[in-house]
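Here is the structure we will look at.
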Amino acid sequence: MEYEGVKTFLGLEENIEGPFDIVILPIPYEMTTSYREGTEFGPKACIDASSQVELYDKKMEVDLPCGFKIHTSKPWNNEVSNLKEALSSISKFCTPWMDGKQFPIILGGEHGLLFPLIEAVKIHPRINQELERLTIVQIDAHADLRDELNGERFSHGTVIRRVLDAGVGNVIQIGVRTYSSEEEEIIRNDERVNTWFARDLININHNLSDWDLMIEEIKNIEGPIWLTFDVDGLDGSLVPATGTPVPGGLSYWGSIEIIESLFSAKGAEIIGADINEISTSQGTNLTEFSAALIATKILACHIANNISK
Ligand SMILES: [Mn+2]
């Protein structure tokens, strides 16, 4: 399905008139990518690939959208002249959707977009300008805790450091397997950061595995949560075209379990999510299809929670 030249997520019928239950916000932002390029084409590729995703999720008896109103927004306009302008324009683009009246799912774009997103999230009634209330759950191969990368402080490699600077209360990182000594130091010393390394999660040598402990922790989060899903947290074989694919990452089913566990957290409310560093796999379309499956799972879990309410 298409409206005014915009294809809709999952090929669903477009609801041009609000209010909406869920909005899909494509942000084709790419400015500081260090290794491989193409994330600016990621959101569109993901929406194209989503037309191949099944609309049935076992959590519900009927096909998506299960009577919920979903709006696929026109993409953020990436014609900006510099980084500063890009960041403030992303924030402006997202702000109208952050008032808690609909569930925003952002498709990116490089991970640097999280900083302006979190600026916009301040207006959410559960945050009410106080970012220390927020827990960010970050799926990622990288810690993104550097102070600068290639001389840039607002980059995909520094974005978690910047949101902590902005006042975010807690960050739970899952799947990290590539980081610097500077980042290791923060992971060890900053009480706000709790990191589950891919190696510990995936090499299970204990009676009570780290994986089970991690799942237990995320089920017990309290308060508002923002989920930031860098697709390179998945094993590189699932996302071969992302900016920096890394071996030894999360399996597809592992990621599904994380998302379902988060949405089952009784004392928490997931106020929105972004799926970022999407790119396009020439020939197989695997990278964008993996991203579309993750985005669909998030959307389905949100709907399942709200059907039962
Ligand atoms: Mn990242």
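Laboratory data are not the source of any read-out in this text; all were calculated from the coordinates shown. These figures come from a predicted structure and were not determined experimentally. Don't worry about glycine lacking a Cβ; one is built from the backbone with ideal geometry, like all the others, and counts go over all protein chains shown.
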Exercise. In nm, what is the difference between 0.36 nm times the number of residues separating GLU13 and GLU191 and their Cα-Cα distance?
Worked result: 59.6 nm
Seminar exercise, completed: Using the Cα gyration tensor of the stretch 238-309, the equivalent ellipsoid's semi-axes, largest first and to the nearest Å, work out to 26, 13, 10
Problem set entry | Percentage relative contact order, the chain, counting C-alpha pairs under 8 Å, at least six apart | 21
For this session: Report ³J(HN,Hα) in whole Hz for each residue of the stretch 250-259, in order, from the Karplus equation J = 6.51 cos²θ - 1.76 cosθ + 1.60 where θ = phi - 60°; Gly and Pro get x.
Result: 5, 7, 4, 5, x, 5, 4, 5, 4, 5
Exercise. Once phi is turned into ³J(HN,Hα) by the Karplus curve 6.51 cos²θ - 1.76 cosθ + 1.60 with θ = phi - 60°, what whole-Hz value does each residue of the stretch 41-58 show in order, with x for glycine and proline?
Worked result: 8, x, x, 5, 4, 5, 5, 4, 5, 5, 5, 9, 7, 5, 8, 9, 10, 4
Seminar exercise, completed: Inverse of <1/r> over all distinct C-alpha pairs of the chain, i.e. the Kirkwood Rh in Å, gives 19.1
Seminar exercise, completed: Whole-Hz Karplus couplings 3J(HN,Hα) for the stretch 107-124, θ = phi - 60° and coefficients 6.51, -1.76, 1.60, Gly and Pro as x, run 10, x, x, 6, 5, x, 5, 4, 4, x, 4, 5, 4, 5, 5, 3, 7, 4
For this session: Pick out, in residue order, every one of the trypsin sites (Lys or Arg not before Pro) in the stretch 1-57 that is DSSP loop and has at most 14 other C-beta atoms within 10 Å; say none if there are none.
Result: ARG36
Problem set entry | Cα-centre dipole for the stretch 30-91 with unit charges at Cβ (Lys and Arg positive, Asp and Glu negative), debye to 20 | 160
For this session: Using a cut-off of under 17 Å, list every residue of the stretch 97-131 whose amide N is near the label point 7 Å from the Cα of LYS84 along the Cα-to-beta-carbon line.
Result: 116
